[in-house]
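Trainee: Dropping the structure in here first, questions after.
What follows is calculated from the coordinates using simple rules that are stated; it is not laboratory data. Because the structure is predicted, anything quoted here is derived from the model rather than measured. FYI the Cβ positions are ideal-geometry reconstructions off the backbone, even for glycines, and counts take in every protein chain you see.
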Amino acid sequence: MSRYLVNKFLFTIDRDPELVERYREDPRGTVTWWESEQAGRLLSCTAPEATTWLAFTDVEREALATHDHVTLFELGAHPFLTLTLFIAMFERDHPEPLGYQLAYARALSHFTLPYTDIST
């Protein structure tokens, strides 16, 4: 598992409102596009540079393509990254106050301490 790459995906999608909507409407297509076009971009470089060795595992790709935050948590994706991105995508579907946040917490309630390692 590449926690780094999964977290990089979550972080970069969450920073662009158009990508948030694209990921909400076409998650599989967005994951495929991002992996082929963006995964290798080195974000800290001033000139465009890329690497070719980064790729999602099949499990990571499927969890991202199905918005499966529980599996992403099990794999070690940072919970703040999944929560902030998924709030942007799904809070509007929960009219009650904190509706999505409470649903997110319920879905993860079967986990006990210590939680999955989220270091990269």
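Trainee: Which length gain, in nm to one decimal place, applies between Glu91 and Arg106 when the Cα-Cα distance is subtracted from 0.36 nm times their residue separation?
Mentor: Working: separation 15, 0.36 × 15 = 5.40 nm, distance 1.47 nm.
Full extension of this stretch gives 3.9 nm more.
Trainee: Pull up all non-local amide H partners of Arg41: gap of 5 or more, or a different chain, and H-to-H distance under 5 Å with H placed in the peptide plane.
Mentor: Thr51
Trainee: So, one more: How far, in nm, would the chain grow between Thr57 and Arg15 when pulled straight, counting 0.36 nm per residue and subtracting the alpha carbon separation? Spell out each step's value before the answer.
Mentor: Values: separation 42, 0.36 × 42 = 15.12 nm, distance 2.33 nm.
Net length gain for the segment: 12.8 nm.
Trainee: Order by neighbour count: Tyr4, Tyr104, fewest other Cβ atoms within 10 Å first, most last. Intermediate results must be reported in sequence, preceding the final value.
Mentor: On the way: Tyr4 10, Tyr104 22.
Starting with the residue having the fewest Cβ neighbours, the order is Tyr4, Tyr104.
Trainee: Moving on. Can you give me the distance in nm between label points at Thr84 and Arg28, each placed 7 Å from the Cα along the Cα-to-Cβ direction?
Mentor: The answer from the label model is 3.0 nm.
Trainee: Then there is this: Over segment 3-107, with a single point scatterer placed on each C-alpha, what log10 of the ratio I(q)/I(0) does the Debye formula yield at q = 0.24 1/Å?
Mentor: With one equal scatterer per Cα and no solvent, log10 I(q)/I(0) is -1.43.
Trainee: Which value, in debye to the nearest 20, describes the size of the charge dipole of segment 3-107 about its Cα centre when Lys and Arg Cβ atoms bear +1, Asp and Glu Cβ atoms bear -1, and nothing else is charged? Show your work: numbers first, answer last.
Mentor: Working: 10 positive and 17 negative charges, 47 e Å.
The calculation lands at about 220 debye.
Trainee: Charges on Cβ only, +1 for Lys and Arg, -1 for Asp and Glu, centred on the Cα centroid of segment 3-107; of Tyr100, Gly76, Ala63, which one is farthest towards the dipole's positive end?
Mentor: Gly76
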